[in-house]
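Below: one structure, written as structure tokens.
The values are calculated or read from the model by the stated rules, or taken from the named source; none is laboratory data. Every value quoted in this text rests on a predicted model; they were computed, and no experiment measured them. We place every Cβ from the backbone using ideal geometry, glycine too, and count neighbours over all the protein chains shown. Heads up: the accessible areas ignore ligands, DNA and RNA and are worked out on the full protein's heavy atoms, side chains in. Shrake-Rupley method; radii C 1.70, N 1.55, O 1.52, S 1.80 Å.
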Amino acid sequence: MSHYTLLRPADCCLHIIDPQKNLMKQIYEADRVTTVIKFLITCAGLLNIPMLANTQYLKGLGPYVDELEEMVGDIPRPDKMEFGAYNNEETQSIVDGLSDSISTIIMVGVETHICIYQSAVGVLQRGLTPWIVADGTSSRSIENYQLGLERLRQLGAIVGPAEMLVYELLGKAGTSQFKELLPHIIEFSKQN
């Protein structure tokens, strides 16, 4: 019997990892990743889910891609040298300040087999659950992307698509949150 319970917005934090210009130029299906991250930033905002972001060596890899850079101005975004974001002291401090109700870290960004993977290990080490948005992450090669997702599943991370996650967070139709998010869900589904 499964002990899994469906997510509620109060259980979650959205963590955006490294969708930076100079890296995203090399990423398999980078446009898909950007579209999913935009969608989830919008959803998290409407559902009052706290957000956290990181850059990897900002000086070398540059800011986020333009579409995302304009959306993340108010989100804490430590720059890191560590591949695992939870090894970064500033990131740790932000996570330590989150509500005790948060049990799940929703993860999007790049690269699946490096920074997402090592950050998810850090989430697990904190006793939290990493929820990897499969269509919201990627790597430079499809092989490393797929192998990264496989390894994350082996470790106990939850892996699924953005739409599955959003409908799980909503729980039911007809609510004010559902009505507010529905146009964004419809627009997102047209882009996929």
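Just to check I understand the Karplus step: with θ = phi - 60° and J = 6.51 cos²θ - 1.76 cosθ + 1.60, what whole-Hz values come out for region 12-25, glycine and proline as x?
So the Karplus estimates, Gly and Pro as x, are 10, 9, 8, 10, 9, 10, 6, x, 9, 3, 6, 8, 4, 4 Hz.
Would you tally the net charge around residue 114, using a Cβ to Cβ cut-off of less than 15 Å, leaving residue 114 out, and scoring K and R as +1, D and E as -1?
-2
Could you sort the peptides 166-176, 59-69 by per-residue average Cβ neighbour count (10 Å cutoff), highest mean leading? It would help to have the intermediate numbers written out before the result.
On the way: 166-176: 13.5, 59-69: 15.5.
Result, highest mean Cβ count within 10 Å first: 59-69, 166-176.
Got a sec to turn the phi values of region 81-91 into Karplus ³J(HN,Hα) couplings, 6.51 cos²θ - 1.76 cosθ + 1.60 with θ = phi - 60°, whole Hz, x for Gly and Pro?
Those phi angles translate into 9, 5, 6, x, 4, 7, 8, 8, 4, 5, 5 Hz.
I'd like to compare 80-86, 26-32: which one has the highest average count of other Cβ atoms within 10 Å, and what's the full order after that? Write down the numbers at each step before the final one.
Numbers: 80-86: 19.7, 26-32: 16.3.
Order by mean packing, descending: 80-86, 26-32.
Pairs of alpha-carbon atoms within less than 8 angstrom and 6+ residues apart define the contacts here; what relative contact order does the chain have, in percent?
Values: 318 pairs, mean separation 49.6, N = 192.
Reported relative contact order: 26 percent.
Provide the net charge surrounding residue 40, with neighbours chosen by a C-beta distance below 11 Å and charges set as Lys +1, Arg +1, Asp -1, Glu -1. Don't skip to the answer; put the middle values down first.
On the way: positive: 38; negative: 135, 163.
Once all neighbours under 11 Å are counted, the net charge is -1.
Quick one: plug the Kirkwood hydrodynamic radius of region 89-192 (C-alpha pairs) into Stokes-Einstein at 20 °C, 1.002 mPa s, and report D in µm²/s. Don't skip to the end; give the middle numbers.
Values: Rh = 15.0 Å.
In µm²/s, the coefficient is 143.
Of the heavy-atom accessible surface of region 39-86 (probe 1.4 angstrom), what whole percent is carbon and sulfur? Numbers along the way, then the final one.
Working: 1200 of 2180 Å².
Within region 39-86, the accessible surface is 55 percent carbon and sulfur.
Report, in listed order, any pair from 38/190; 38/80; 59/190 with a Cα-Cα distance greater than 25 Å. Intermediate values should be presented prior to the final figure.
Details: 38/190 14 Å; 38/80 22 Å; 59/190 35 Å.
From 38/190; 38/80; 59/190, over 25 Å: 59/190.
Say each of residue 151 and residue 57 gets a label point 7 Å from the Cα, pointing the same way as Cα to Cβ; how far apart are those two points in nm?
It is 1.8 nm.
Per residue, how much accessible area does region 27-94 have with a 1.4 Å probe, in Å²? Display every interim value, and only then the final one.
Working: 3190 Å² over 68 residues.
Ligands and nucleic acids excluded, the result is 47 Å² per residue.
Of all the accessible heavy-atom surface of region 114-177, with the other protein chains kept in place and a 1.4 Å probe, what percent is carbon and sulfur? Could you put the intermediate results ahead of the total?
Working: 1470 of 2910 Å².
In region 114-177, the share of accessible area belonging to carbon and sulfur is 50 percent.
Ordered by residue, what ³J(HN,Hα) values in Hz, to whole numbers, does region 141-157 give under the Karplus form 6.51 cos²θ - 1.76 cosθ + 1.60, where θ = phi - 60° and Gly and Pro are x?
Going residue by residue, I get 10, 4, 4, 5, 4, 5, 5, x, 4, 4, 5, 4, 4, 4, 6, x, 6 Hz, with x marking Gly and Pro.
Towards the positive end of the charge dipole of region 1-138, with charges on Cβ (+1 Lys, Arg; -1 Asp, Glu), say which of 110, 131, 97 has the farthest Cα.
The residue sitting most towards the positive pole is 131.
I want to make sure I understand the PRE zone here: with the label point 7 angstrom from the Cα of residue 67 toward its beta carbon, which residues in region 169-192 have backbone N atoms less than 14 Å away?
Output list for this probe position: 187-192.
Quick one: what do you get for region 14-53 if you divide its Cα Rg by 2.2 N^0.38 Å? Could you put the intermediate results ahead of the total?
Numbers: Rg = 11.0 Å, N = 40, 2.2 N^0.38 = 8.9 Å.
Dividing the Cα Rg of region 14-53 by 2.2 N^0.38 Å gives 1.23.
Mind putting together the pair-distance distribution for region 121-177? All Cα pairs, 5 Å bins, whole percent per bin, short to long.
P(r) for region 121-177, in whole percents per bin: 4, 17, 22, 20, 18, 9, 6, 4, 1.
Out of residues 5 or more away from residue 138 or on other chains, whose amide H comes under 5 Å of its own, with H placed 1.01 Å from N in the peptide plane?
Counting only residues 5 or more places away or on other chains, the set is 109, 112.
Taking the Cα centre of region 33-143 as origin, sum charge times position over the Cβ atoms of Lys and Arg (+1) and Asp and Glu (-1), and report the length of that vector in debye to the nearest 20. Could you put the intermediate results ahead of the total?
On the way: 6 positive and 14 negative charges, 35 e Å.
With Lys and Arg at +1 and Asp and Glu at -1, about 160 debye.
Compute the FRET efficiency between residue 22 and residue 173 as 1/(1 + (r/R0)^6), taking r as their Cβ-Cβ distance and R0 = 41 Å, and round to the nearest 0.05. Walk me through the intermediate numbers first.
Details: r = 41 Å, r/R0 = 1.01.
With R0 = 41 Å, the Cβ-Cβ based efficiency is 0.50.
Can you check what the Kirkwood hydrodynamic radius comes to for the chain, Cα pairs only, in Å to one decimal?
Working: mean 1/r = 0.0606 Å⁻¹.
One over the average 1/r among Cα pairs gives 16.5 Å for the chain.
From the square roots a ≥ b ≥ c of the eigenvalues of the alpha-carbon gyration tensor of region 71-122, which class results: rounded (a/c under 1.5), prolate (a/b over b/c), or oblate? Mind dumping the intermediate values first?
Working: a/c = 1.41, a/b = 1.25, b/c = 1.13.
Note, shape of region 71-122 comes out rounded.
Assuming a ≥ b ≥ c are the square roots of the Cα gyration tensor eigenvalues, decide whether region 24-92 counts as rounded (a/c under 1.5), prolate (otherwise, with a/b larger than b/c) or oblate. Write out the running numbers ahead of the final one.
On the way: a/c = 1.84, a/b = 1.11, b/c = 1.66.
Oblate.
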